[in-house]
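Enquirer: One structure, pasted below without further comment.
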Amino acid sequence: MKPQLKSLQVYAAGLSDAALKRRAGYTGEFSRLASNENPFGPTPKVQEVLSKSLNDLNYYPDPEALQLKEKLSAFYHLPAEQIFIGAGLDEVIMSISRAVLVPEGDVLTSESTFIQYSTHAIIEGTNLVTVPLKEGYYDLDAMAESITDRTKIIWICNPNNPTGTHIAEAELIRFLDKVPETVTVVLDEAYFEFVDATDFPESINLLKRYNNLIVLRTFSKAYGLAGMRVGYALTSKSYVSEFNKVKLPFNVTTLSLLAAQAALEDQDYLATYIQHNKSEREQFFKQVYSKHFLPSQTNFIFIKTKEPKILFDLLIQHGVISRPMPNGVRVTIGTSEDNQKVDAALKEFFEE
């Protein structure tokens with residue numbers, strides 16, 4: 001066994017509904033707001049296409065995901081050869097790490113960001129270098145100063161998970177101009193669809209300017225397909241060619257590919273959910289207790305507190321499953337009914 005695995009823990013998905021009900025004495029239905037999922041699910045067109053596609057499951061899926069790549073190509077006006085499809089962004093991140101990282105190199109990222117960046121650095125036996133967040137934001141100036149000849153990959157989550165904060169385009173460009181072309185920069189935009197900040201980077205356009213840039217996006221969050229596991233990378237043909245060498249041969253299922261295509265085609269349904277999320281997010285930030293929030297450009301809110309366990313337990317008592325962190329609690333923006341439970345819990349916690 002790899003000795004570095006001793007320092008890793010199995011991913012903790014949280015307690016089951018039944019266990020939480022026993023713990024809190026709650027008898028109603030829980031609002032599952034711990035994993036930033038779309039509470040409404042995908043467009044009904046997904047179910048339609050899946051119900052018509054159950055006769056060919058004895059055959060392997062398309063290993064190249066050509067139809068989905070073609071649809072994404074038309075959507076982004078980017079050649080299909082510049083698109084890599086994975087079983088969720090978890091597999092995309094794993095494939096990038098397997099293809100690029102070497103034991104004598106470094107991975108550079110921020111503290112308090114998506115854990116899979118550091119997990120795969122450890123698995124690949126690569127040294128991990130992290131820079132603290134600055135008031136909840138990535139500190140790109142400090143990260144630029146941390147680049148060395150050993151740096152192989154720089155991971156940037158924008159907007160950041162779990163804080164919800166974002167990096168403006170001008171700041172990102174200043175940073176990219178400081179990064180050597182030999183260093184791979186991965187811009188994880190899993191929550192891109194929720195952003196309404198006018199200064200958010202036009203990252204697809206940046207691909208033409210920076211050959212070492214990779215942009216990640218997913219169908220798990222806004223499109224409501226977390227259970228189908230489809231994520232993708234937009235980058236150069238040379239990167240895609242290398243990632244194809246390390247991925248599993250039939251990594252994304254037939255049904256997952258069809259579901260993603262149907263979801264992508266229904267932009268009206270997506271827009272309706274995005275508007276709901278924006279409206280509910282704005283309502284949260286109008287509350288007095290929002291002074292304890294970090295700014296959010298996502299479908300979740302990070303609540304700063306020195307007592308995250310107490311807030312997590314209180315939310316459970318109100319029927320809400322959230323995600324506790326060392327210095328706060330992350331809560332997904334759910335349905336209006338879900339959010340009313342969160343509102344009641346926060347008012348109680350902050351004694352309004």
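The values are calculated or read from the model by the stated rules, or taken from the named source; none is laboratory data. Source: prediction; values computed, not measured. Heads up, the Cβs are rebuilt from the backbone with ideal geometry, glycines too, and the neighbour counts pull from every protein chain shown. Note: areas computed on protein heavy atoms with side chains; ligands, DNA, RNA excluded. Shrake-Rupley method; radii C 1.70, N 1.55, O 1.52, S 1.80 Å.
Enquirer: Restricting to the stretch 117-264, compute how many DSSP beta bridges are antiparallel as a %, nearest 5.
Expert: Just about 35 percent of them are antiparallel.
Enquirer: Continuing with the same structure: I'd like the carbon and sulfur percentage of the solvent accessible area for the chain, probe radius 1.4 Å, heavy atoms only, ligands and nucleic acids excluded.
Expert: That fraction is 52 percent.
Enquirer: Quick one: net charge of L108's neighbours, Cβ under 10 Å, K/R +1, D/E -1?
Expert: With Lys, Arg at +1 and Asp, Glu at -1, the net is +1.
Enquirer: Write down the percent of antiparallel bridges among all DSSP beta bridges whose residues are both part of the chain, to the nearest 5.
Expert: Of those bridges, close to 50 percent are antiparallel.
Enquirer: Tell me what the chain gives for mean residue ellipticity at 222 nm when only DSSP H runs of n ≥ 4 count, each as -39,500 (n - 2.57), the sum divided by the residue total, rounded to 500 deg cm²/dmol.
Expert: -11000 deg cm²/dmol
Enquirer: Here's something else I'd like to know. At 1.4 Å probe size, put V246, V131 in order of accessible surface, largest to smallest.
Expert: From most accessible down to least: V246, V131.
Enquirer: Take every DSSP beta bridge with both residues inside the stretch 182-253 and express the antiparallel ones as a percent of the total, to the nearest 5.
Expert: Among the beta bridges of the stretch 182-253, antiparallel pairing accounts for roughly 50 percent.
Enquirer: Would you pull out the residues with amide H under 5 Å of V320's amide H, same chain only if 5 or more places away, H placed 1.01 Å from N?
Expert: Residues meeting the criterion, in which the H sits 1.01 Å from N, are S31.
Enquirer: With a 1.4 Å probe and all protein chains left in place, how much accessible area per residue does the stretch 23-127 have, in Å²?
Expert: Details: 5340 Å² over 105 residues.
Per residue, the stretch 23-127 has an accessible area of 51 Å².
Enquirer: Candidates (i) 68, 54, 37; (ii) 55, 54, 47; (iii) 64, 44, 40; which is the computed Cα extents along the principal axes in Å?
Expert: Evaluating Cα extents along the principal axes in Å on these atoms matches (ii).
Enquirer: Continuing with the same structure: With θ set to phi - 60° and the Karplus curve 6.51 cos²θ - 1.76 cosθ + 1.60, what are the ³J(HN,Hα) couplings of the stretch 103-109 in order, to the nearest whole Hz, using x for Gly and Pro?
Expert: x, 8, x, 10, 9, 10, 7
Enquirer: Then there is this: Specify which residue in the list N58, Y191, P42 is farthest towards the positive end of the charge dipole of the chain, using unit charges on the beta carbon of Lys, Arg (+1) and Asp, Glu (-1), about the Cα centre.
Expert: Most positive-ward Cα: N58.
Enquirer: Next question. Ignoring everything but the protein chains, give the 1.4 Å probe accessible area of M325 in square angstrom, nearest 10.
Expert: Approximately 40 Å² for this residue.
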